[in-house]
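Peer 1: Could you have a look at this structure, given as structure tokens, before my questions?
The values are calculated or read from the model by the stated rules, or taken from the named source; none is laboratory data. Just so we're clear, the structure is a prediction, and the values are computed from it rather than from any experiment. We place every Cβ from the backbone using ideal geometry, glycine too, and count neighbours over all the protein chains shown.
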């Protein structure tokens, strides 16, 4: 796919949600290395201590007031929110937090949102390979992905300038640099990707119009 650069590729003011997770930490550190001003919303001051160079806003991603404070004056919001496996209980964190985030962005007139979901969300369901689709998803991730689907619907209907990023199975291996970003999944079944490559893709997406209002699956 041809990449269409933005006219303005200057450093951005970025808010990261889920900044203390495995992928979120890499987004923060790589964004800082690229010269971006980064704000992280974290649940406690202790969790923010390791996010070197980031401005820390202490608060819950479900708190509308804290979200508005964190969103204010940002150029971009990156959501790397995750939730633990929950095979029995209903999961609502991702959709509830995303709905509150969208309201905060609308109120503060911040339009650009990049939201990380995952392989198995939306029309990527059924493309994870036999083990993922037949065992892991129904036994462990069914409730999590039901909420990811609600989350994606909220983003799509938000009126914001959004991108949904769907990584395949995440690992902590060294980044490869070269990845595939797919929207036609007809021949795709299963795969993996390093968190570092996900972070790079998300930050590269700040400077291209190619993925706006799209939901690429990214994999090695």
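Peer 1: Select, from 119, 140, 94, the only residue that is within 20 Å of residue 198 (Cβ to Cβ), modelled with pLDDT of 95 or more and not in a loop (DSSP other than H, G, I, E, B).
Peer 2: 94
Peer 1: A further question follows. Any residue that is under 24 Å from residue 40 (Cα atoms) and outside any loop (DSSP other than H, G, I, E, B) - is there at least one of those in the stretch 78-88?
Peer 2: yes
Peer 1: Let me ask something else. Just name the residue that is surrounded by the most Cβ atoms within 10 Å (Cβ to Cβ) out of those in the stretch 110-146 that are closer than 16 Å to residue 95 by Cα, more than 14 Å from the chain's Cα centre (by Cα) and in contact (Cβ under 8 Å) with a residue 60 or more places away in the chain.
Peer 2: 144
Peer 1: So residue 87 clears everything in (1) within 29 Å of residue 182 (Cα to Cα); (2) modelled with pLDDT under 95; (3) in contact with a strand residue (DSSP E or B) (Cβ under 9 Å, 6 or more places away or on another chain); (4) surrounded by fewer than 16 Cβ atoms within 10 Å (Cβ to Cβ) except one condition, right? Which one?
Peer 2: Of everything listed in (1) within 29 Å of residue 182 (Cα to Cα); (2) modelled with pLDDT under 95; (3) in contact with a strand residue (DSSP E or B) (Cβ under 9 Å, 6 or more places away or on another chain); (4) surrounded by fewer than 16 Cβ atoms within 10 Å (Cβ to Cβ), residue 87 misses just condition (3).
Peer 1: Given the options 61, 107, name the one that is crowded, with 20+ Cβ neighbours inside 10 Å and either assigned to a loop (DSSP other than H, G, I, E, B) or in contact (Cβ under 8 Å) with a residue 12 or more places away in the chain (or both).
Peer 2: So the residue among 61, 107 that is crowded, with 20+ Cβ neighbours inside 10 Å and either assigned to a loop (DSSP other than H, G, I, E, B) or in contact (Cβ under 8 Å) with a residue 12 or more places away in the chain (or both) is 61.
Peer 1: Just to be sure I understand, how many residues within the stretch 65-83 are in contact (Cβ under 8 Å) with a residue 40 or more places away in the chain and within 19 Å of the chain's Cα centre (by Cα)?
Peer 2: Residues that pass the stated criteria total 13.
Peer 1: What number of residues within the stretch 165-202 satisfy the criterion of being surrounded by 14 or more Cβ atoms within 10 Å (Cβ to Cβ), assigned to a loop (DSSP other than H, G, I, E, B) and touching a helix residue (DSSP H, G or I) at 6+ places or on another chain (Cβ under 7 Å)?
Peer 2: Selection size over the stretch 165-202: 4.
Peer 1: Search the stretch 203-217 for residues being free of Cβ contacts under 8 Å to residues at least 60 places away in the same chain and in contact with a strand residue (DSSP E or B) (Cβ under 8 Å, 6 or more places away or on another chain), and hand back the single one that is surrounded by the most Cβ atoms within 10 Å (Cβ to Cβ).
Peer 2: Filtering first and then ranking leaves 211.
Peer 1: Then there's this: For the stretch 90-104, which positions are farther than 29 Å from residue 207 by Cβ and crowded, with 20+ Cβ neighbours inside 10 Å?
Peer 2: If the condition is that a residue be farther than 29 Å from residue 207 by Cβ and crowded, with 20+ Cβ neighbours inside 10 Å, then 91 is the only one that fits.
Peer 1: Continuing with the same structure: Of the residues 76, 38, 71, only one is modelled with pLDDT of 95 or more, in contact with a helix residue (DSSP H, G or I) (Cβ under 9 Å, 6 or more places away or on another chain), farther than 27 Å from residue 145 by Cα and crowded, with 18+ Cβ neighbours inside 10 Å; which? Give the steps one after another, and end with the answer.
Peer 2: Values: 76 fails: farther than 27 Å from residue 145 by Cα; 71 fails: farther than 27 Å from residue 145 by Cα.
Going through 76, 38, 71 in turn, just one is modelled with pLDDT of 95 or more, in contact with a helix residue (DSSP H, G or I) (Cβ under 9 Å, 6 or more places away or on another chain), farther than 27 Å from residue 145 by Cα and crowded, with 18+ Cβ neighbours inside 10 Å: 38.
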